[in-house]
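Comments concern the structure below.
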Amino acid sequence: MRVYGVTGWKNAGKTGLMERLVNEITGRGFTVSTVKHAHHSVDVDQPGTDSYRHRIAGASEVLLASGQRIAIMQELRGAPEPSLDDLLARLSPVDLVLIEGFKREAHPKVEAFRAEAKNALMAPENTTIRAVASDTPLTVDCPVFDLDDTAAIADFILQEVGL
């Protein structure tokens, strides 16, 4: 499976770039899935729902299905967080998986960078970062794209993964 990441520090524009890239790349006829890493506890299920009650009762896995979507919730219950490779293995085949976060993993990435966030640029120290999408001109040893030039960033990613 072809994978490419979008990374960056908090408030760098990662999620907005991911959203635009998914729209751009699927608009070109490719299938795309995403993986998003969260550093905080997330719960896609709400107290009081039947599926929530199943999980709280002790189910290891709850599959919730409707005519619009399927959600599978798996409780780790103290087990270690699955690796990125383990997570990718759970996905159905698509043309491209875009990964948000996972900055320390080995897959190639574009770094989202906003000057106003006042964070250091990761690209000079992280060889997995192949390009930077920035809201300000930068001098680095990799391609730099305007953060809002989604088409050019998509072109770069698709060329990188051979699509």
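Would you mind listing how long the range 13-65 runs along its three principal axes, going by Cα atoms, in whole Å with the largest first?
43, 25, 18
Which order do peptides 66-77, 106-117, 124-135, 88-99 fall in by mean Cβ count within 10 Å, highest first? Let's see the in-between values first.
Details: 66-77: 9.4, 106-117: 19.6, 124-135: 17.4, 88-99: 15.6.
With the highest mean Cβ count within 10 Å placed first, the list reads 106-117, 124-135, 88-99, 66-77.
State the Kirkwood hydrodynamic radius of the range 99-146 in Å, one decimal place, computed from all pairs of distinct Cα atoms. List each step's numbers first, then the result.
Working: mean 1/r = 0.0909 Å⁻¹.
Evaluated over the range 99-146, this radius sits at 11.0 Å.
Output the antiparallel fraction of DSSP beta bridges having both residues in the chain, as a percent to the nearest 5. If you can, show how the numbers build up before the last one.
Working: 5 of 25 bridges.
Of those bridges, close to 20 percent are antiparallel.
Can you give me the long-range amide H partners of G5? Hydrogens built in the peptide plane at 1.01 Å from N, cutoff under 5 Å, separation of 5 or more residues or another chain.
I99, K109, V110
What relative contact order, as a whole-number percentage, does the range 91-158 give when Cα pairs under 8 Å and 6 or more residues apart are counted?
It rounds to 24 percent for the range 91-158.
Computed FRET efficiency, Cβ-Cβ of S92 and E116, R0 41 Å: what is it to the nearest 0.05? Intermediate values should be presented prior to the final figure.
Working: r = 38 Å, r/R0 = 0.93.
Result of the calculation: an efficiency of 0.60.
Just how large is the dipole of the range 1-85 about the Cα centre, in debye to the nearest 20, putting +1 at every Lys and Arg Cβ and -1 at every Asp and Glu Cβ? Provide the component values of the computation, followed by the final result.
Numbers: 10 positive and 9 negative charges, 58 e Å.
So the magnitude is around 280 debye.
For helix 150-161, report the angle its Cα long axis makes with the longest principal axis of the Cα atoms of the chain; keep it between 0 and 90° and round to the nearest 10°.
Helix 150-161 and the main axis of the chain meet at about 80 degrees.
P(r) tail for the chain, what percent of Cα pairs lie past 25 Å? Present the calculation step by step, with values, prior to reporting the outcome.
Details: 5106 of 13203 pairs.
Here the long-distance tail beyond 25 Å is 39 percent of all Cα pairs in the chain.
In nm, to one decimal, how far is the modelled label at N126 from the one at D149, with both set 7 Å along Cα→Cβ?
A separation of 2.1 nm, rounded to one decimal place.
So how far, in whole Å, is the C-alpha centre of the range 1-53 from the one of the range 54-84?
Going from one Cα centre to the other spans 17 Å.
For the range 67-163, what does the alpha-carbon gyration tensor say about shape, rounded, prolate or oblate, given a ≥ b ≥ c as the root eigenvalues, a/c under 1.5 as rounded, and a/b over b/c as prolate?
On the way: a/c = 2.12, a/b = 1.64, b/c = 1.29.
It comes out prolate by the Cα gyration axes.
Express the accessible area of the chain per residue in Å², computed with a 1.4 Å probe while the remaining protein chains stay in the model. Mind showing how you got there, number by number?
Working: 9930 Å² over 163 residues.
Result: 61 Å² per residue.
Angle between the Cα long axis of helix 14-27 and the longest principal axis of the chain, 0 to 90 degrees, nearest 10?
Between the helix axis and the principal axis of the chain, the angle is about 90 degrees.
Report, by chain and number, residues whose modeled amide H sits under 5 Å from the one on K36, excluding near sequence neighbours (fewer than 5 apart, same chain).
Placed amide hydrogens put E100 under 5 Å from K36.
Over the range 1-119, what is the relative contact order in whole percent, taking alpha-carbon pairs under 8 Å and six or more residues apart?
Numbers: 144 pairs, mean separation 66.1, N = 119.
Computed value for the range 1-119: 56 percent relative contact order.
The values are calculated or read from the model by the stated rules, or taken from the named source; none is laboratory data. Note that the structure is a prediction, hence the values are computed from the model and not measured. Quick reminder, even Gly has a Cβ in these numbers, built from the backbone with ideal geometry, and neighbours come from all protein chains shown. Accessible surface is based on the protein model in full, side chains and every heavy atom, while ligands, DNA and RNA are left aside. Shrake-Rupley method; radii C 1.70, N 1.55, O 1.52, S 1.80 Å.
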